[in-house]
Each structure stands twice: as structure tokens, then as C-alpha cells.
Amino acid sequence: VVGYSGSQDNIANRNPTYRNIQDYAESIRLTFDPNQLSYQDMLDMFFGLHTPADPRWAGTQYRSAIFVHTPEQRALAEATVRAQGTLGKYVAVETASDFYRAEEYHQNYIDKAMR
């Protein structure tokens with residue numbers, strides 16, 4: 001699911017949209033079965049598929065971040081970021097905030113664009 005996450009003020013900032021993203025980042029929410037795919041496997045896929053952006057030009061909306069839900073996820077994410085060397089310095093590990101589903105036209109965007 002595509003949406004918005006990562007606000008530093010979940011109380012003041014509510015219901016972000018593409019036109020009013022506030023301090024959220026565009027993000028995806030993944031639901032997974034750890035018996036089928038480990039969290040470490042997902043982290044490895046993240047770095048295999050994603051080129052982190054320098055936050056000086058990416059800004060809040062497009063910052064590269066991993067939003068964690070547990071201390072175990074944070075430890076794995078931070079270790080994986082460190083292992084990336086220079087590339088990892090552009091990825092923030094942040095505590096997950098509220099997640100808001102993006103507008104419908106953002107969902108399955110690539111599939112829709114290929115039609």
C-alpha cells in the first residue's frame with residue numbers, strides 16, 4: 001500500500017495528501033509473514049531496489065527512510081544501514097508514525113501507467 005508516514009508530530013499533522021504532505025514522507029506499508037520472508041530479507045531487497053537520495057535535495061517528502069515498529073527491527077535496520085557504507089548515510093531509521101493511505105491514483109501506479 002502506498003501512503004504517507006514519518007511525521008514528527010502525529011497530533012498536529014493529520015490526513016496528509018500529495019498536495020499537502022506536511023512533514024510526511026511518501027512511503028509504502030508492507031505486510032509480511034516472517035515464516036516466508038525475514039525482515040532482514042526485506043532490508044536487503046530495500047537496498048537492492050532503492051537508491052537512497054541525499055536529504056539535502058530530496059527534502060522531507062522524498063527522504064529515504066526505514067520506519068521501524070520494534071526494537072528488534074531498529075537493530076537490524078541500523079546494522080544494515082551501517083553495512084551499506086556511504087550509501088547508508090542517506091537512509092534514516094525512524095520510529096514508525098501513523099500511516100495514511102495515499103490517494104487511489106497513487107495505488108498500483110506502475111501497473112496503471114503500463115496499461
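Checking Tyr62 against (1) open to solvent by less than 70 Å² (accessible area, probe 1.4 Å); (2) closer than 15 Å to Val93 by Cα; (3) of a type in the set (Ser, Thr, Tyr), only one condition comes out false. Which one?
(1)
Restricting the search to the stretch 72-97, which residues are surrounded by 15 or more Cβ atoms within 10 Å (Cβ to Cβ), closer than 22 Å to Pro34 by Cα and within 13 Å of the chain's Cα centre (by Cα)?
Once the filter is applied, which keeps residues that are surrounded by 15 or more Cβ atoms within 10 Å (Cβ to Cβ), closer than 22 Å to Pro34 by Cα and within 13 Å of the chain's Cα centre (by Cα), the stretch 72-97 yields Ala77, Val93, Glu94, Ala96, Ser97.
For the stretch 101-110, what are the residues that are open to solvent by 40 Å² or more (accessible area, probe 1.4 Å) and either within 15 Å of Glu26 (Cα to Cα) or in contact with an Asp or Glu (Cβ under 9 Å, 6 or more places away or on another chain) (or both)?
Arg101, Glu103, Glu104, Tyr105, Asn108, Tyr109
Hey, could you check the stretch 54-63 for residues that are of a type outside the set (Ser, Thr, Tyr) and part of a loop (DSSP other than H, G, I, E, B) and say which is nearest to Tyr24 (Cα to Cα)? Even if it seems obvious, please write down each step before you answer.
Step one: of the stretch 54-63, the residues of a type outside the set (Ser, Thr, Tyr) are 54-59, 61, 63.
Checking the rest, the ones that are also part of a loop (DSSP other than H, G, I, E, B) come to 54, 59, 61, 63.
Working: Asp54: 17, Gly59: 10, Gln61: 6, Arg63: 9 Å.
For the stretch 54-63, the residue satisfying everything is Gln61.
In the stretch 64-87, what residues are under 23 Å from Gly3 (Cα atoms), part of a helix (DSSP H, G or I) and at pLDDT below 90?
Of everything in the stretch 64-87, nothing turns out to be under 23 Å from Gly3 (Cα atoms), part of a helix (DSSP H, G or I) and at pLDDT below 90.
All but one of (1) over 14 Å from Phe99 (Cα atoms); (2) touching a Pro at 6+ places or on another chain (Cβ under 6 Å); (3) modelled with pLDDT under 85 hold for Gln22; state the number of the condition that does not hold.
(1)
Limited to the stretch 31-49, what total is found for residues that are within 21 Å of Phe99 (Cα to Cα) and either surrounded by 12 or more Cβ atoms within 10 Å (Cβ to Cβ) or touching a His at 6+ places or on another chain (Cβ under 6 Å) (or both)?
So the count comes out to 4.
The values are calculated or read from the model by the stated rules, or taken from the named source; none is laboratory data. Not measured: the values here are computed from a predicted model. When we count neighbours, we look across all protein chains shown, and the Cβ atoms used for this are built from the backbone with ideal geometry, even at glycine. Surface areas here come from the heavy atoms of the whole protein model, side chains and all, with no ligands, DNA or RNA. Shrake-Rupley method; radii C 1.70, N 1.55, O 1.52, S 1.80 Å.
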